[in-house]
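The values are calculated or read from the model by the stated rules, or taken from the named source; none is laboratory data. Everything numeric in this text was worked out from a predicted model, so none of it was measured. Counting neighbours? That spans all protein chains shown, and the Cβs are built from the backbone with ideal geometry, glycine included. For accessibility, only protein heavy atoms count, side chains too; no ligands or nucleic acids. Shrake-Rupley method; radii C 1.70, N 1.55, O 1.52, S 1.80 Å.
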Amino acid sequence: MVFVPKRGRTEGRSLAMAFSKPERPASQRDTIQDARLRKFEMRDPMTGQQPVRNDLLPRTLAGIRVLAKFCCGLMLLMGLPLLAQDNFVLVTAPDKAQDVCGRHGLTQLAQGSSHGVFLVSTSSVDPSIFTDSDVQSFEKDRSLGLPELSGATVANLTQSSTSILDGLPGRTVVNYFGSAVPSNYVIQPATAIIRQHDLQAASGFTGTGITVAVIDTGVDTSHPALQSVLVSGFNFISNASDPSELVDLTPAMSAALAQSSTSILDGQNLVQMNSSTMAILSQSSTSILDGPPGEFGHGTMTAGLIHLVAPDARIMALKAFAGDGSSDLFNIVRAIYFAADHGASVISMSFEISQSSPALQSAIQYALSKNVVVVAASGNDGQQIMVFPAAYNSVIGVGSTSNSDAKSSFTNFGTNAVFVAAPGEGVVTTYPGGNYAAGWGTSFSTPLIAGEAALILQARPTYKPGDVGNAISRAVSVQQMGHGRADLCLALSSIGVGSFCK
């Protein structure tokens, strides 16, 4: 069985062509072009016969292609403010970059990668750049943000916070793969719903030998539950090797949080940190975290959910977002290439952009070509819309379900947006400073599926992304949530490694 493509998705097309008709095979396109061009061919006025064909047709076709490329570039130019110094993502061969920048008046702002991705700026875009044969793509360096939201709604913390509060008083310390953690991190509604412990007991699969890259705000590299599974990552915000998200705090706040020795059972306060996160903190930590950046902790939270499902998988933290949740296309694209080139088998991305991007799509295709499984959040707009990278073919777009197996009110939905879903309401996970938090949103559904992919790859190391997607598609039906809500037992039982969780 093959990985079923997502209907209605755009693939291999630029932003300007994102909503055009599907591509036809090359031979068919040529036939149609020939038919369309015949009416422009010269005929003998006396006989009505066509003259012997010369090189008119090839030259006309070439002219049309150049004109189409120019028009795409003109559309981009029309959206730019006059005389503003804007940043752009340029993709070209590394050895051509200097010449391209010189020809088109571009200033290179950041060191390019071996994949030819450059951050450049200009106050006046030269239209001829869109017909330059040395330029693979050229587009505005768009801003991205966390949580994965393109503008319509926010997660409502009141939907299921009562169950989180009710679970706090009875917490105990348990050992989870060598780390002391609170019991309601290990035993919680989300893990029961996806049958994580049933699978673990029946199969012994824990993600051994698999590396999962997390493109997010970084991670608390000293968190007791995570530090033993972290591998070398990178900070794309400051171009440094340390992906710790504690750098987003003031020095005093960072030191106080890092040095805290509060017992994990002392944290009995639920403190709303942003629109989709409640941190479970001690009273002393609450005062320390008075006013952190808006999305501080997001990366540690997503990493903790991967660890929960696949506790022996290695986690590669790639800090492409600042603590306030801001990032841009250039850093995201670089992070994807980094993950694919540094041993990641799975990439987890809890973010979205509302429109397709040639540079982003090229990076995703590169990762897929190296057999990296790509998992992305479908977004929290509560709409039937396509967002990217979740909507690209062969990317596993993840929606959110409630603890009663219904579509979450905030999740995007529909087969074009969601391939599969997972619990995303009040999911308990790790939080910086040795703390824990409850999160709402497709941000926290996505890493559960990334962890599932790690288990499948441990069981079947030669599987390609389509094979992994096919296994994940064995899920429990939930209306408007693609193949349904994830079930680890169904997924692993479907690939011929045993019959689990009877």
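Values as computed for the structure displayed
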{"quantity": "Qualifying residue in region 283-295 (condition: at pLDDT 70 or above and among the hydrophobic types (A, V, I, L, M, F, W, C))", "calculated": "no"}
{"quantity": "Unique residue being open to solvent by less than 10 Å² (accessible area, probe 1.4 Å) and small (Gly, Ala, Ser) when the list is 209, 218", "calculated": "218"}
{"quantity": "Matching strands (runs of 3 or more DSSP E) fully within region 335-415 where at least 3 residues are among the β-branched types (Val, Ile, Thr) and either buried (at least 24 other Cβ atoms within 10 Å of the Cβ) or within 10 Å of the chain's Cα centre (by Cα) (or both)", "calculated": "373-377, 396-401"}
{"quantity": "Residue in region 479-502 that is farthest from residue 442 (Cα to Cα), counting only those that are buried (at least 24 other Cβ atoms within 10 Å of the Cβ) and hydrophobic (A, V, I, L, M, F, W, C)", "calculated": "492"}
{"quantity": "Unmet requirement for residue 139, which otherwise passes all of (1) in contact (Cβ under 8 Å) with a residue 60 or more places away in the chain; (2) out of contact with any Asp or Glu (no Cβ under 9 Å at 6 or more places or on another chain); (3) part of a loop (DSSP other than H, G, I, E, B)", "calculated": "(3)"}
{"quantity": "Of residues in region 302-325 being out of contact with any strand residue (DSSP E or B) (no Cβ under 6 Å at 6 or more places or on another chain) and either in a helix (DSSP H, G or I) or at pLDDT below 95 (or both), the one nearest to residue 241 (Cα to Cα)", "calculated": "322"}
{"quantity": "Members of region 341-392 found to be touching a Lys or Arg at 6+ places or on another chain (Cβ under 6 Å) and more than 20 Å from residue 415 (Cβ to Cβ), listed by number", "calculated": "371"}
{"quantity": "Condition broken by residue 232, with the remaining ones in (1) part of a strand (DSSP E or B); (2) closer than 26 Å to residue 404 by Cα; (3) of a type outside the set (D, E, K, R) satisfied", "calculated": "(2)"}
{"quantity": "Close pairs (9 angstrom Cβ cut-off, 6 or more residues apart or separate chains): farther than 14 Å from residue 395 by Cα and surrounded by fewer than 17 Cβ atoms within 10 Å (Cβ to Cβ) in region 452-478, modelled with pLDDT of 95 or more and of a type in the set (D, E, K, R) anywhere", "calculated": "460/467; 477/485"}
{"quantity": "So residue 208, is it assigned to a loop (DSSP other than H, G, I, E, B) and under 28 Å from the mean Cα position of the chain (by Cα)", "calculated": "yes"}
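Every residue, every condition in (1) among the acidic types (Asp, Glu); (2) open to solvent by 20 Å² or more (accessible area, probe 1.4 Å); (3) at pLDDT below 90; (4) closer than 30 Å to residue 353 by Cβ, yes or no:
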{"position": "124", "(1), (2), (3), (4)": "no, yes, no, yes"}
{"position": "129", "(1), (2), (3), (4)": "no, no, no, yes"}
{"position": "136", "(1), (2), (3), (4)": "no, yes, no, yes"}
{"position": "154", "(1), (2), (3), (4)": "no, yes, yes, yes"}
{"position": "158", "(1), (2), (3), (4)": "no, yes, yes, yes"}
{"position": "163", "(1), (2), (3), (4)": "no, yes, yes, no"}
{"position": "174", "(1), (2), (3), (4)": "no, yes, no, no"}
{"position": "183", "(1), (2), (3), (4)": "no, yes, no, no"}
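Table: residues versus (1) among the hydrophobic types (A, V, I, L, M, F, W, C); (2) over 20 Å from residue 441 (Cβ atoms); (3) in contact with a Cys (Cβ under 8 Å, 6 or more places away or on another chain); (4) free of Cβ contacts under 8 Å to residues at least 12 places away in the same chain.
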position	(1), (2), (3), (4)
349	yes, no, no, no
352	no, no, no, no
356	no, yes, no, no
370	no, yes, no, no
382	no, no, no, no
388	yes, no, no, no
400	no, no, no, no
403	no, no, no, no
414	no, no, no, no
